[in-house]
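*Asks:* For reference, the structure I am asking about is given below.
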Amino acid sequence: MMSFLLFLEIHLIEKLFSQNNQLFLLNKKALYIMQIIETEIPDLLIIKPQVFEDDRGYFFESYNLEKFVNAGIDVNFVQDNESKSMKNVLRGLHFQAPPFAQGKLVRVMRGAVLDVAVDLRKESPTYGKWASIVLTESNKFMYWIPAGMAHGFLTLEDNTVFFYKCTNVYNKPSEGSIRWNDPSLGIKWGIENPILSAKDQTAPLFELFTTPF
C-alpha cells in the first residue's frame, strides 16, 4: 500500500514537481494538505483531508474539483445521497450497471461504518477481491469507489449518517446486488446477523453473478 501527499494550493502555485511517487503542489502561503492512500485494489482510494480545529470547532474541505483532479479523480458528480441508520444495519452490496454505473465518494457525517468495496471489473487484476475501511465522524476519512465496484457498509453506532456523492443518477432498472455474506468473497464484516432489507437478504451469490463491467 502506497501513500502520497497532495499539497494543495490556496493561492497561486509556484512550483510543481514529482519525486518518488509523491506529487507536491507548492505555493507561498498556507497549504491545505490532503493525503491520498492507494489500496490493494487499483483506483480504490482512501482520502484523508486536513482538518483545522480550534475551540470553536473544526473546518475542512470535503470536496474541491481542482484538487480532486490533481489527485487523479477527474469525474463529474451529479447526485448527492444521505442515509441515517441504527447500529448493525448493513446496506449492500450494491452497484448500478452501465450506462448508469456510479462512482461514489463516501464519508460519515455522524457515527461510524465499516465500508466495503468489491472489484467487479472483469479485466481488473483484483476482480472479485474486496477492501474495507472504517469511516467515522471523528477521522473524517473518505473513500473513493470508482464505477465497476459493488459497495456496502455496516453501521457501527446508532444514528449513523452516511453521505455520498455519485457520478451518475439513480436508475432503478440498472440496480444490481451481491449477497453481503457470500462465502466465495469472504468479507470480514465482524457480525453474524445484521439488520438487512428484504432485497439484500436475497441478493444473488457471487458464483452465479455475471459482471456487466
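A short reminder: the numbers here are calculations on the coordinates, not readings from a lab. Everything quoted here is computed from the prediction, not taken from an experiment. No Cβ is skipped: glycine too gets one built from the backbone with ideal geometry, and neighbour counts run over all protein chains shown.
*Asks:* Sorting THR202, THR211, THR160 on the 10 Å Cβ count, fewest up front, what's the list?
*Replies:* By the 10 Å Cβ count, ascending, the order reads THR202, THR211, THR160.
*Asks:* Which listed residue (SER197, GLY152, GLN35) has the Cα farthest towards the positive end of the charge dipole for region 3-208, taking +1 on Lys and Arg C-beta and -1 on Asp and Glu C-beta about the Cα centre?
*Replies:* The residue sitting most towards the positive pole is SER197.
*Asks:* Still on this structure, I have one more. So which trypsin sites (Lys or Arg not before Pro) in region 179-211 pass both tests, a DSSP loop state and at most 16 other Cβ atoms within 10 Å of the Cβ?
*Replies:* Here the sparse-neighbourhood loop sites are LYS188.
*Asks:* Kindly identify region 142-213 as rounded, prolate or oblate by the Cα gyration tensor criterion: order the square roots of the eigenvalues as a ≥ b ≥ c, call it rounded if a/c is under 1.5, otherwise compare a/b with b/c, prolate if a/b is larger, else oblate.
*Replies:* oblate
*Asks:* Short version: ³J(HN,Hα) in whole Hz for each residue of region 96-112, in order, from phi by Karplus 6.51 cos²θ - 1.76 cosθ + 1.60 (θ = phi - 60°), x for Gly and Pro, what are they?
*Replies:* 3J(HN,Hα) across region 96-112, in whole Hz: 10, 7, x, x, 10, 4, 10, x, 10, 10, 10, 7, 9, 9, 8, x, 7.
*Asks:* Return, for the Cα atoms of region 3-208, the radius of gyration and Dmax in Å, separated by a comma.
*Replies:* Here Rg and the maximum Cα pair distance are 17.9, 56 Å.
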